[in-house]
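Scroll down for the structure; my scribbles are underneath it.
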Amino acid sequence: MNDVEEALRRTFARAEARIPALPPDLLRQVTVGKTRRTRRGLVSATAIATCLVIGAVSAVTWRAPESPPAVTAKPAPHIHEPRIVKEIAPPLEQVLPSVIAEVPRKVPNGEAFTPKLFIDSRTMLGYVSKKGDDPAPELWTYHLESQTFQRLAIIDHPIAPVDSLAVGEGVIAWFKYVDRDIHIMTIPVTGGTPRTVVSFPAELDVDKVNGDTIHGVDLAVGGGRIFWSSTKSGGVNQVPVAGGEPSFVPGTEGLRLFSWPWAGRPADGPAAMTNLLNLSTGERLDDPAQARCDVTWCLTGNQATRRDGSQVLDLPGDSPRSLVADRFVTMTQVDEQGRKASVIFDLATSRAGRLWIRNDRKASPTLYIGTEMLYFKRGDKWAVIHDSDR
């Protein structure tokens, strides 16, 4: 090594010694804006076409620290070990046959039928639409006892999102967007010609470059009235089912409809609401800390707890993902042989039933999850899990 090389080596060594260590929480200095899932999406209108966008928006921002953070030792991250069960739960049909209904996946003319909600415990409401953006989907019902379909109506266009359907007081309600106005529409549950109950200007985010964003509404029907809340600003309004003068529901500023008769304040997390208010009685519910709650039940880790704390259930599985109809919890079970299964736990009966065994070499069916029911394809039928007591 010559003198020049030796001088360079010493220079680089001294420089390296002066470089500060990177803080272990450097990545946490980059703050990711949290997503909020809404029951309805946003409608994006452009000069060429108007289409419905269902989903949530996330943002990424960076905040520079005011002063260098202190570097402290961090404990090693805890690796979650899955719960092991002695036996995988038996098939759901054996455990809770009353909560499963089979519905054909096609109406009599051969078009695909998609379930949406139950009008009553024996009548399912769904829709038929062509692939892609169908400007005029059809509403159909399927009667479980007679095993027959009935075509109810064609939903108006240009925009009438089928995700906005609500049922009660003998009518089916939805909203459509046309000419910068929201129109709340209804038909009788037995079918008929759609009629406008009330209309009002839509809330807009004006963007002359990319097109305006039009915010839709959440809907609920009960107590002889139709209720709606803006997906942007919240606040609950009402109008008689038969039509008339709309009015604001006092005390609901910033609240959104959750599950009739409840409204709440959107919180971070999937379908999460806080500050629940009963629109019929005025009752307000407390919010348990660090829990995902429906009206009665909350999920915390691998436990389900009644909101009032009167009952705590250890879930016989792992990774509870969804709480549907304030009753059904989706989760995973792993047995001593390493088999994995997708399982439904019923909070009403404290019983678990298996949907299917997971096979790493074969894809499992897609489980569609709504607020009031779950469903998946099984042959030429939909297997629908719902609360038959509602």
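Amide H of Val249: which non-local residues (sequence gap of 5 or more, or other chain) have their own amide H closer than 5 Å, using H built in the peptide plane?
Excluding prolines and chain starts, which carry no amide H, the hits are Val236, Asn237, Gln238.
Please compute the length gained on full extension between Gln94 and Ser247, using 0.36 nm multiplied by the number of residues separating them and subtracting their Cα-Cα distance. Kindly include the intermediate steps, with their values, before the conclusion.
Details: separation 153, 0.36 × 153 = 55.08 nm, distance 4.88 nm.
Difference between extended and current length: 50.2 nm.
Whole number please: convex hull volume per residue of the Cα set in the stretch 272-390, in Å³?
On the way: hull volume 15.4 nm³, N = 119.
About 129 Å³ per residue, rounded to a whole number.
If each of Ser233 and Arg321 carries a label point 7 Å out from its Cα toward its Cβ, how far apart are those two points in nm?
Each label point is offset 7 Å from its Cα along the Cβ direction, giving 3.8 nm.
Among Val217, Ala202, Pro240, flag the residue with its Cα farthest along the positive direction of the charge dipole of the stretch 197-280, charges on Cβ as +1 for Lys/Arg and -1 for Asp/Glu.
Going by the charge dipole, the pick is Pro240.
Mean shadow of the stretch 229-296, computed from the convex hull of its alpha carbons, in nm²? Walk me through the intermediate numbers first.
Working: hull surface 20.3 nm².
Orientation-averaged projected area of the Cα hull: 5.1 nm².
Could you tell me the calculated FRET efficiency between Arg195 and Arg284, based on Cβ-Cβ distance and R0 = 25 angstrom, to the nearest 0.05? Display every interim value, and only then the final one.
Details: r = 35 Å, r/R0 = 1.39.
So the FRET efficiency works out to roughly 0.10.
Under the 0.36 nm per residue contour assumption, what length would be gained going from the current alpha-carbon distance of Glu169 and Lys86 to full extension? All intermediate terms of the calculation are to be shown ahead of the outcome.
Working: separation 83, 0.36 × 83 = 29.88 nm, distance 4.74 nm.
Extending this stretch completely gives an extra 25.1 nm.
Placing unit charges on C-beta atoms (Lys and Arg positive, Asp and Glu negative, everything else neutral), compute the dipole magnitude of the stretch 232-318 about its Cα centre in debye, rounded to 20.
Working: 7 positive and 10 negative charges, 35 e Å.
So the magnitude is around 160 debye.
Could you run the Karplus curve 6.51 cos²θ - 1.76 cosθ + 1.60 with θ = phi - 60° over the stretch 86-95 and give me ³J(HN,Hα) per residue in whole Hz, x for Gly and Pro?
5, 9, 5, 4, x, x, 4, 4, 6, 7
Ser350 to Val295: extension gain in nm, 0.36 nm per residue of separation minus the Cα-Cα distance? Display every interim value, and only then the final one.
Numbers: separation 55, 0.36 × 55 = 19.80 nm, distance 1.78 nm.
Here the segment from Ser350 to Val295 would lengthen by 18.0 nm.
Check each of the trypsin sites (Lys or Arg not before Pro) in the stretch 145-251 and keep only those in coil by DSSP with at most 15 other C-beta atoms within 10 angstrom; list them in order.
Arg180, Lys208
Determine, from the Cβ-Cβ distance of Val178 and Thr274 and an R0 of 45 Å, the FRET efficiency 1/(1 + (r/R0)^6), rounded to the nearest 0.05.
Numbers: r = 34 Å, r/R0 = 0.75.
For R0 = 45 Å, the calculated efficiency reads 0.85.
Can you work out ³J(HN,Hα) from phi for every residue in the stretch 292-307, in order, using Karplus 6.51 cos²θ - 1.76 cosθ + 1.60 and θ = phi - 60°, giving whole Hz and x for Gly and Pro?
Result, ordered by residue: 9, 10, 9, 6, 9, 10, 10, 10, 9, x, 9, 10, 10, 10, 5, 3 Hz.
A short reminder: the numbers here are calculations on the coordinates, not readings from a lab. None of these values were measured; they are calculated from a predicted model. Virtual Cβ from ideal backbone geometry, glycine too; neighbours counted across all protein chains shown.
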